[in-house]
1. Specify the residue that is farthest from residue 106 (Cα to Cα); the eligible residues are those in the stretch 22-34 that are touching a residue at least 60 places away in the same chain (Cβ under 8 Å) and open to solvent by 50 Å² or more (accessible area, probe 1.4 Å).
2. Of the residues in the stretch 102-119, how many are farther than 23 Å from residue 25 by Cβ, open to solvent by less than 70 Å² (accessible area, probe 1.4 Å) and in a strand (DSSP E or B)?
3. Can you pull out every residue in the stretch 68-94 that is modelled with pLDDT of 80 or more and surrounded by fewer than 12 Cβ atoms within 10 Å (Cβ to Cβ)?
Amino acid sequence: LVEVRQALEHEVDRVVVGPNPAIGGAPANLWFYADWPQWTAQVCLYSVGGDRICEGDSGGSGGAFAIEHEAGRRLAPAQVFVHRAVWSGRNDSGAPVASGVYMMVLDVANPETGETRRVVRKLVVIR
């Protein structure tokens, strides 16, 4: 248990995007795992050309993303908390995005330690 705990300590690069591909405008989820319950997060979606499509943060200011801590949901045996960002399939203006390949960029910070992590994952959208 101690080895598992040390291996997961402040690890946020365990990130899963699904469904991938996102088909027909279905929302896409980005799950990330961290062993601290207090965090701040920002998710941005970019085209492969580098254009920012939309963004959201854990403060609730993003319209296209909803970021939440799944209260009480932990992975055993370590005390690893599950967090989720749900993307609506729309850009910041509320319009559906076109079919294509997008990059989800997740920035997570631990406010207690100041530690930050950035993780990038690909997402395919098929309309």
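The values are calculated or read from the model by the stated rules, or taken from the named source; none is laboratory data. The structure displayed is predicted, hence computed values, not measured ones. Every residue, glycine as well, gets a Cβ built from its backbone with ideal geometry; the counts of neighbours run over all protein chains shown. Accessible surface areas use protein heavy atoms only, side chains included; no ligands, DNA or RNA. Shrake-Rupley method; radii C 1.70, N 1.55, O 1.52, S 1.80 Å.
1. Initially, the stretch 22-34 is screened for residues touching a residue at least 60 places away in the same chain (Cβ under 8 Å), giving 22-28, 30, 32, 34.
Next, from what is left, pick out any that are open to solvent by 50 Å² or more (accessible area, probe 1.4 Å): 23-24, 27.
On the way: 23: 22, 24: 24, 27: 17 Å.
Result: 24.
2. Step one: filter the stretch 102-119 for residues farther than 23 Å from residue 25 by Cβ, giving 107-119.
Among the residues that remain, those that are also open to solvent by less than 70 Å² (accessible area, probe 1.4 Å) are: 107-110, 114-115, 119.
Going one step further and asking which of them are in a strand (DSSP E or B), we end up with 107-109, 119.
Qualifying residue count, the stretch 102-119: 4.
3. Kept after step one, since they are modelled with pLDDT of 80 or more, are these residues of the stretch 68-94: 84-94.
If the condition is that a residue be modelled with pLDDT of 80 or more and surrounded by fewer than 12 Cβ atoms within 10 Å (Cβ to Cβ), then 93, 94 are the ones that fit.
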